[in-house]
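Taking it in order: structure first as C-alpha cells, then the write-up.
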Protein chains: 2
Amino acid sequence: MRDEATPRSDLDAVFRPRSVAVIGASDTETKIGGTPLYYLRSRGYAGQIYPINPKAPEIQGLPAYPNIKDAPGPVDLAIIAVPASLAVQALQDCADAGVKGVVMFSSGFAEVGEDGSAQQARMTEIARQSGLRLMGPNCLGFMNIEDKLFATFAPVVNMGVAPKGRIGLVSQSGAFGGFAFSVARERGIGLSYWITTGNEADLGFSESVEWLASDPGTDVIVGYMEGCRDGDTLRRALAACRAAKKPLIVCKVGKTEAGAKAAASHTAALAGEDAVFDGIFRQYNVYRASSIEECLDVAYAASIAGLPKGPRIGLYTVSGGAGVLMADMAEACGLVVPELTRATQDKVLELVPFAGTRNPLDITGQVTQVPGAVRKSLGYMAQDGTCDTVVSFISASGLAPGGMQSAQDIAEVRTEVPDVLQVVSTLPSPAFRELVEAAGVPVFEDPNRAVNAVAALARIARGFARTGSDSATAGSPLTVPANCTEPAALAALGEHGLPVVAFRHVQTAAEAGQAASEFGGKVVVKIVSPDIGHKSDIGGVELNLSGQAEAEAAGARILAAARKAAPDARIDGLMVAPMQKGVAECVIGVQRDPTFGPVVMFGLGGVHVEALRDVVFRAAPFDADEAMAMIHEVRAIRLLTHPRGSAPADLDALAAVLAQVSRIAAASPDLVSADMNPVLSLTDGAVILDALLIG
Amino acid sequence: MRDEATPRSDLDAVFRPRSVAVIGASDTETKIGGTPLYYLRSRGYAGQIYPINPKAPEIQGLPAYPNIKDAPGPVDLAIIAVPASLAVQALQDCADAGVKGVVMFSSGFAEVGEDGSAQQARMTEIARQSGLRLMGPNCLGFMNIEDKLFATFAPVVNMGVAPKGRIGLVSQSGAFGGFAFSVARERGIGLSYWITTGNEADLGFSESVEWLASDPGTDVIVGYMEGCRDGDTLRRALAACRAAKKPLIVCKVGKTEAGAKAAASHTAALAGEDAVFDGIFRQYNVYRASSIEECLDVAYAASIAGLPKGPRIGLYTVSGGAGVLMADMAEACGLVVPELTRATQDKVLELVPFAGTRNPLDITGQVTQVPGAVRKSLGYMAQDGTCDTVVSFISASGLAPGGMQSAQDIAEVRTEVPDVLQVVSTLPSPAFRELVEAAGVPVFEDPNRAVNAVAALARIARGFARTGSDSATAGSPLTVPANCTEPAALAALGEHGLPVVAFRHVQTAAEAGQAASEFGGKVVVKIVSPDIGHKSDIGGVELNLSGQAEAEAAGARILAAARKAAPDARIDGLMVAPMQKGVAECVIGVQRDPTFGPVVMFGLGGVHVEALRDVVFRAAPFDADEAMAMIHEVRAIRLLTHPRGSAPADLDALAAVLAQVSRIAAASPDLVSADMNPVLSLTDGAVILDALLIG
C-alpha cells in the first residue's frame, strides 16, 4: 500500500519528538514565538526544549541559542515562528542541522500571491531534498495530548485543554480546528492529536490522517477538509483508516453551490465535484458529517462505545413520547427497530404491568415505583438477542440525585452483555458521565442525536464488513475506435465483457428491412454517424417498427432526414436493434475527475439524472459488492426494487455491469468519457442499449 | 373564529389563578400531593393556597380543609392529586364548589382500559356541565413562570427552573415535557408557560396553544404532539397563532412507519396520516422541527431575535472554513447568500487587506491586529442592504477574556441597524450570552445550528407574509352522479369551473370514429363503465389513434375486450378525446381525512406519486397563493419549472385548478374521494384528462 519511504518512520519524529526547538522564541508569552515555548514549558512536555533567538542568551528562563545549528543536542522538531522574510532561511538552517520535522507558523506565502507561492515552492524543495517533514506554513501547528506537547500558538489552549482520549483531529483550517478543539474540551471529549495543516507545502491532510491510522493511541479520526490536491494520497490515507478499521469522520465543505463559491474564494485549491468526493467517501467507508457537531458526536460515540454488530436498535425509554421520537429518528436514519421477543415482553410486563414492550420499551413513570426496574428491564432488552445497540432515554435523571443508580444499572448491563452497545440520552451530571463512559457508554443530551450517532456507527460498521474495492483489479484496456459511432462503441464494450444489445450495422434501408425481418418482433432503426450527437433531434431514430417493410421505409426516411439536417456529417449507414422492455432505464457514465482520475457514475434514466441529479459516483476500479452499495444509494432505488407491474430488477446483473465498466475505466487511460444511456435493467440481466465513447 | 364561549375567559382562571387548592395535599414534600404544595409555598406564588385533606388540620404549615367546599375563599384552580378511585368525586366537589379550573394528576383512566375510559368520560361530562376546565387526568400539570406558579409534581423543578422568558411550551407527554423543561433550564432558555395535557379529557393541546396565542407574555410557542382527536380545534389554534404572528414550532412524532407503530402502541388516539399533518402545518405556517433540540433552537432564536425581513443571510467569520461550512448550510436550508456590494467590499479591504469580502465576509485571523475591526466590518456588512440577517462566527472568542469586546460590537451593530437580525456562533461565557441576548442577539455554539435557526425564522416570516387560506371560501357543492363514469366525472368537474379535456361520449364504435374525425389529429378512445376501474389493464384504452377509421376500429376492439374481460360490467359506450401533450403529468386528489375532513393532494404523475411518495397535502379550502406554495413543496418541482425541451409549466393555472378543487371539496360533504390523474400541466394552462369521483 505504501511506497518505500513509509510515512510512519518520517512522521513519528514530527508528532512524537524527543526534543523541540522554537525558532523565533520570545519572552513575551502572548507572541507567536512566545506562546509555543510557554505551552511547552508550562503544560508538562518532558522532552528537551531549545529556544532559538540570536538576540538573547535566555528566554522564558531557558538557555537560548542564536541558531538552530547551535542547539546542544539533536532536534526532532523545530517550530518556526519568524516573519515570512526569514522563514525560508530558517527552514534551510533546520535542514542543514539535521532537524527531522518542522512546524511553520509563519504566513505570507501561497495564500497571499505569486511571490509567496514561489517562496513556498522553495520550502517544498528544501523538505524533499533534505528529507525533513514540514507542516505548514501558515498553520496553527499541532497538539500531542498524551505527551503534553502543544506545538501551536492557538490561544484556545489557554482556556484549558481537552482530556486525553482516542480521537485524532486533522483540520485544513486552523481557526476551525481551534473551534473544534474548544468544543471538544467543553464537552469533555477526549483527543489524542490535534493537527492543522495550513498551506500543506509538504505534509498535508492526507498524510496526517494516514499517520493517525497507524498511531496506537488513536482509535477514531475526525477530519475537516476544504479540498484535495492529490487524490491518490488521499485515497491511500482513507484506505489506511479502513484497513486499520478506524472510523474516519469527515466534514468536507463546499457541498452546495454557495459553499463551493465560498470555498473557491477562500482556498486556492480546486474544489472538485462534490458528488465525486461523496462517492469516494462512501467507497472508503468515510462517514461524512454535515457539521462539526455531528463529527464530534459520532467520533465521541465511536471512541467510547466502539462499533455495533448491526443496525438493530432497542429503544428504552421512561417517556412514551420520546420513544416514538426515537423510533422516527431511527427509521429516518436507516436503523431497524425490531420487535422484542414475546418472552422478553412478558418478563417486562411482570415487572411493570403498564409498560410498552414491543420496542420502544416504555418503562413509563412507574419506573420509580418498582425497585430495580431499570436494571432488570434494560438487562432483559439487551439479552433479548434482537438488538445490536440499546439507547436509553432517562429524561433528566442524569442530573437528579437518584440518577447515579441508573448510571450504575446501565454500566452493569453494558458489562453483562458485551455484544450489545449501550448509549444513554439524558442531561448528565459530571459523575454520571464519568461512570457510564468508563463502562463504554456514551451520553447524549438529545435523544435524536443519540440515535443519529448510533446510525452512524452502524453504517461505519457495515462499511468495514464490506470487502470494499480492494479486491477489484483493472481490466484490459479499451481503445476508443477512431470516429467512434454507436455500433463501434457497443462492439468495443461487448468485446470487453459487457452485455450490449444484439444489433446489426447495415448500410442501406433495404438492408435495415432485411435485418428487421431477421430479428422478428419490433425494432429500432437509427442513423450511424460519428458526427451526429443527438440522433433523435434530427429524426435519426425511429422506434417500434414492425417487420421488413416498416423498417425499410423508416431507414429511408432516417437517411434522408440525416442528409438534410446534417449535410456535412459522415454517414455510416444504419443500426437496427430489437426493441427491449425492462424494469427501468439506467445511466452509467465514465469521467476523468481532476483529483481522482477515472470515476464511474450511476443513476436512473430520464429525469432522475438530468433534472433531479440523483446520481452516485465511485473511483474506478471497484468490485460488484461496491457496485451494489452504489446502486442502493440512488434516492429512487424503489423504482428498481419495487417497480410497478414488474418483478424487481436483477441488481446483481446491474452491479456486475458497473464493476466491469469500472475495471475497463481503470485500465484505459485513453478513455476520456463514456456514456451508456440507457442501460436497461431487466428482471434477469441488464443490457446496454446505447453508448457514446470519447477517446 | 371563536365560538361563543371564548377560551380566554375560561382559561385565564386555570393558567393565572388568584387562588390554588391542592386536593390530596400531603405533608411529605416528595409525594404527588406534597410536591405541588411545596412548590407553591417555596417558589414564591403570591396567591391564596388551600391544602385540602380530611385527615389533618394543617399541612406543610398551612391550615388545611377537609373538602374543597370548605375552602374559606373562592378557588380559581384546584390541583387533584388523589388516587383514581377518589378522583371523580373530587372533581364533582370542585364543580359544586364553583372552582374554575382543575389540574388532575391522578392516573388510571383512559390509558389503562375500558373502565378507566368510562370514568374519564364522566369527568368530561362534569367539566362540560359545570363549565369548569379540566387539565388531565394523568398529566404532570403546568407552570406559569411569571407568577411562580408550579402546578406540577414534576421533580425537575427541584433541580431549578428555567428563566422567565417569552416561550410557551405545550406537551402531550409529561415525561417529554419535563425533559424539554430541563434542557431549556440548562441552556438558559426563557419560558413563559410549561403545559402538559395528559389524557385531555377536556382541555387539550389545541386549546392550550390557542390560549398561549392570546397570552401577552408569550411570543413564541413550542408544541410536542403525538396525535389529534379534533382537527377543527387544532386548526383554530394554529390559525390563532398565525393571526397573532406568534411562531409555532411543533415536534410531532409518528413521522415514519416505525414511529407510527410506536405511537399506535403508546397512545390510544388515531395517529392519522403524517403527510396530512405535514400539509396542515405548512398551511398554517407551523414550523415542524425534527427534534426537541431543534424546537428549542428555533424558539430561542425567535424569542430573542424576532423574525427577519427575508431569506438573505450575511455570513461573517474569523475562519474561512467556517464561512464555507455556513454557506453550505445556508444554501441547503433554502437561504440566499448574496454577494456584498463592491463599495462595502472595498471598505472592508481597506480595513483588513487579506479579508474575503464577497460573503462570507472572512475577516481572517488579522482581526486581532486591527483595532475596532469587528465593530467596523460587521457594521459595514449589516448596512450593506443585501442581508436580512447576519450570522457571525467568532470561534471560541465568546469564552476568551477579549470576547466581551466582540459581544459589545455585535450588540451595537444590532442596535445601529435594527432591520438586520444578528445571530452569533461561539462558545459563550455567561456574561457574553447575557450581553448579546439583552441586545436581541441569540447565541449558538454550533455554526450550522445557528444557520438552521435563521433559515427557520426566515421560513416562518415568509409564511406570515402569505395570505394563507383565510381568504378561501368553499365553492358550490358537487354531487357525485350515481354510477359515476369518467365522462360524468369530467362533466361534473367542468360544470364546477375546472378545465377538463374536450371529449365526446358516444355509444358505438362508428360514433367514436365520427367523433375522431370531428376532432381531427390524434385521439384516445376509452371504454365507459361505472364498473371498470383500471381501464388500461383490460384493453379498454387505445392511444394515438389517427382518423375516423382507426378510431372506429379501436372502438370496436375496446367494446369487445371489455365485454370479454368484464362480462357483468355495465357498459356505457365509449369516450373519445384528443391526445394532448404538456409539460408534465400531475395528479390531484381529494380525500376525507379522519381528523381534518376534506384534504387535497398534489403530486407529479407516474413514479413520483406511487413509488416515490412525493406528494403534498392541504386541508380544503385554500386559495391559489396557498396552492402555489403547495406545488413548490414537491421535491421534483424542477420537472415543472425546468422541464427538458419545453418552456416552464404554467404554475398559475395549476394553482388555480388546485384551489378550485379545494373549494369544491370543502363544499361537497358527499364527495368521498376524487382522483384526477393525469392533470396535464401546459405551458399555458392546465387540463384534467381523466377523473374518478367516489360519492
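Could you order A:ASP568, A:ASP446, A:ASP675 so the one with the most accessible surface comes first? Probe is 1.4 Å.
Largest accessible area first, the list is A:ASP568, A:ASP675, A:ASP446.
At a Förster radius of 56 Å, what calculated FRET efficiency corresponds to the Cβ-Cβ distance of B:GLN507 and A:ARG462, to the nearest 0.05?
0.35
What is the set of long-range amide H partners of A:ASP531 at a cut-off below 5 Å, with H atoms built 1.01 Å from backbone N?
Here A:ARG570 satisfy the definition.
Dipole of chain A (Lys/Arg Cβ +1, Asp/Glu Cβ -1, origin at the Cα centre): which of A:ALA584, A:VAL170, A:ALA551 lies farthest to the positive side?
It is A:VAL170, whose Cα lies furthest towards the positive end.
If you fit an axis through the alpha-carbon atoms of helix A:231-243 and take the longest principal axis of the Cα set of chain A, what angle between them do you get, 0 to 90°, nearest 10?
On a 0 to 90 degree scale, this one is about 70.
Rg over Rh of chain B, using C-alpha atoms and the Kirkwood radius, what does it come to?
My calculation puts Rg/Rh at 1.07.
Between region A:166-198 and region B:598-663, how far is it from one alpha carbon centroid to the other, in angstrom?
46 Å
How large is log10 I(q)/I(0) at q = 0.15 Å⁻¹ when the Debye formula is applied to the Cα atoms of region A:502-578, each weighted equally and without solvent?
So the normalised log intensities work out to -0.40.
Can you list residues from other chains, or at least 5 along the same chain, whose modelled amide H is less than 5 Å from the amide H of B:LEU361?
Distant-sequence amide H within range of B:LEU361: B:LEU315, B:TYR316, B:THR317.
Nearest 5 percent is fine: what portion of the DSSP beta bridges confined to the protein assembly as shown is antiparallel?
Among the beta bridges of the protein assembly as shown, antiparallel pairing accounts for roughly 50 percent.
Using only Cα atoms, locate the centre of region A:89-105 and the centre of region A:208-245, then give the distance between them in Å, rounded to an integer.
Going from one Cα centre to the other spans 25 Å.
Using a 1.4 Å probe on the heavy atoms of the protein chains only, list every residue of region A:606-637 that has 40 Å² or more less accessible area in the complete assembly than in its chain alone.
Residues losing area: A:GLU610, A:ALA611, A:LEU612.
How would you rank B:324-331, A:419-426, highest first, on the average number of other Cβ atoms within 10 Å across their residues?
Packing order, densest peptide first, comes out as B:324-331, A:419-426.
Using the basic label-point model (7 angstrom from Cα toward the beta carbon), what is the B:THR473 to B:ALA560 distance in nanometres?
5.6 nm
Using a label position 7 Å from Cα in the Cα→Cβ direction, what is the ascending list of nm distances from B:ARG592 to the same site in the other copies?
Distances between equivalent label points, in nm: 6.6.
In region B:1-120, what percentage of the DSSP-assigned beta bridges are antiparallel, given to the nearest 5?
Close to 10 percent.
Cα convex hull of region B:25-159: how many Å³ per residue?
Hull volume normalised by residue count: 100 Å³.
Please give the total accessible area that chains B and A bury against each other, computed with a 1.4 Å probe and expressed in Å² to the nearest 100.
For chain B against chain A, roughly 5000 Å² becomes buried.
What base-10 log of the normalised intensity I(q)/I(0) is obtained for the protein assembly as shown from the Debye formula, alpha carbons as equal point scatterers, at q = 0.06, 0.08 Å⁻¹?
Here the Debye-derived log intensity ratios amount to -0.66, -1.13.
What's the whole-number percent of alpha carbon pairs in region B:92-141 lying beyond 17 angstrom?
That tail contains 31 percent of the Cα-Cα pairs.
Need one number: nm distance between label points at B:GLN580 and A:ILE694, each 7 Å from Cα along Cα→Cβ, rounded to one decimal.
Taking the two extended label points, one gets 4.0 nm.
Only four residue types carry charge here, +1 at the Cβ of Lys and Arg and -1 at the Cβ of Asp and Glu. Report the dipole size of chain B about the Cα centre in Debye, rounded to the nearest 20.
Computed charge dipole of chain B: roughly 840 debye.
Threshold 20 Å², probe 1.4 Å: give the residues of region B:381-408, in number order, that are less accessible with all protein chains present than with their chain alone.
Those residues are B:PHE393, B:SER395, B:ALA396, B:LEU399.
At 1.4 Å probe size, with the rest of the protein present, what percent of the exposed accessible area of region A:1-138 is carbon and sulfur atoms?
48 percent
Just grab the label-to-label distance for B:GLN383 and A:ARG187, each label 7 Å out from Cα along the Cβ direction, in nm (one decimal).
That separation, rounded to one decimal, is 3.9 nm.
From the cross-link list A:LYS164/A:LYS255; A:LYS526/B:LYS535; B:LYS148/B:LYS246, which pairs have alpha carbons spaced over 28 Å apart?
Flagged as over cut-off: A:LYS164/A:LYS255; A:LYS526/B:LYS535.
Take the solvent-accessible surface of the protein heavy atoms, probe 1.4 Å, and return the percent of it on region A:139-305 that carbon and sulfur atoms account for.
After summing per-atom areas, the C and S share lands at 50 percent.
Using amide H atoms built 1.01 Å from N in the peptide plane, name the residues 5+ places from A:ILE79, or on other chains, whose amide H lies under 5 Å from its own.
Long-range HN contacts for A:ILE79: A:ALA21, A:VAL22, A:ILE23, A:VAL103.
Could you pull the copy-to-copy label distances for B:GLN507, with points set 7 Å along Cα to Cβ, in nm to one decimal and sorted shortest first?
With the label placed 7 Å along Cα→Cβ, B:GLN507 yields 6.3 nm.
Which whole-number value in Å² is the accessible area per residue of region B:307-465, probe 1.4 Å?
35 Å²
Estimate the FRET efficiency between B:ASN158 and B:ASP12 by the formula 1/(1 + (r/R0)^6), using the beta-carbon distance for r and 22 Å for R0, to the nearest 0.05.
For R0 = 22 Å, the calculated efficiency reads 0.20.
Which distances, in nm and shortest first, link the A:LYS69 label point to the same label point in every other copy, taking 7 Å along Cα→Cβ?
10.7
Using r as the Cβ-Cβ distance of A:ASP537 and B:ASP531, and R0 as 30 Å, what FRET efficiency do you calculate, to the nearest 0.05?
It comes to 0.10.
Accessible area per residue of region B:584-694 at 1.4 Å probe, in Å²?
Value returned for region B:584-694: 34 Å² of accessible area per residue.
Relative to the longest principal axis of the C-alpha atoms of chain B, give the angle of the C-alpha long axis of helix B:651-667, reported between 0 and 90° and rounded to the nearest 10°.
80 degrees
What is the Rg over Rh value, at two decimals, for region B:140-305, using alpha-carbon atoms and the Kirkwood definition of Rh?
Computed over Cα atoms, the ratio is 0.94.
Distance from the Cα centre of region B:437-505 to that of region B:525-547, in angstrom?
If you average the Cα positions of each part, the centres end up 33 Å apart.
Averaged over B:424-431, how many beta carbons belonging to a partner chain fall within 10 Å of each residue's beta carbon?
Averaged over the peptide's residues, the number is 1.
Rounded to the nearest 10 degrees, what's the angle between the helix A:373-382 long axis and the longest principal axis of chain A, both from Cα atoms, 0 to 90?
Taking Cα atoms only, the helix is inclined about 40 degrees.
Per DSSP H run of n ≥ 4, the term is -39500 (n - 2.57); total these for chain A, divide by its residue number, and report the mean residue ellipticity at 222 nm rounded to 500 deg cm²/dmol.
That comes out to -12000 deg cm²/dmol.
Send over the semi-axes of region A:307-465's equivalent ellipsoid, whole angstrom and largest first, taken as the square roots of 5 times the C-alpha gyration tensor eigenvalues.
Equivalent ellipsoid of region A:307-465: 21, 18, 14 Å, largest first.
I'd like the Karplus ³J(HN,Hα) series for region A:612-619: coefficients 6.51, -1.76, 1.60, θ = phi - 60°, whole numbers in Hz, and an x wherever there's a Gly or Pro.
Running phi through 6.51 cos²θ - 1.76 cosθ + 1.60 with θ = phi - 60° gives 9, 6, 8, 10, 10, 10, 8, 7 Hz.
The values are calculated or read from the model by the stated rules, or taken from the named source; none is laboratory data. Model, not experiment: these values are computed from the prediction. Backbone-built Cβ (ideal geometry, glycine too); neighbour counts: all protein chains shown. The accessibility values were calculated without ligands, DNA or RNA, using every heavy atom of the protein model including side chains. Shrake-Rupley method; radii C 1.70, N 1.55, O 1.52, S 1.80 Å.
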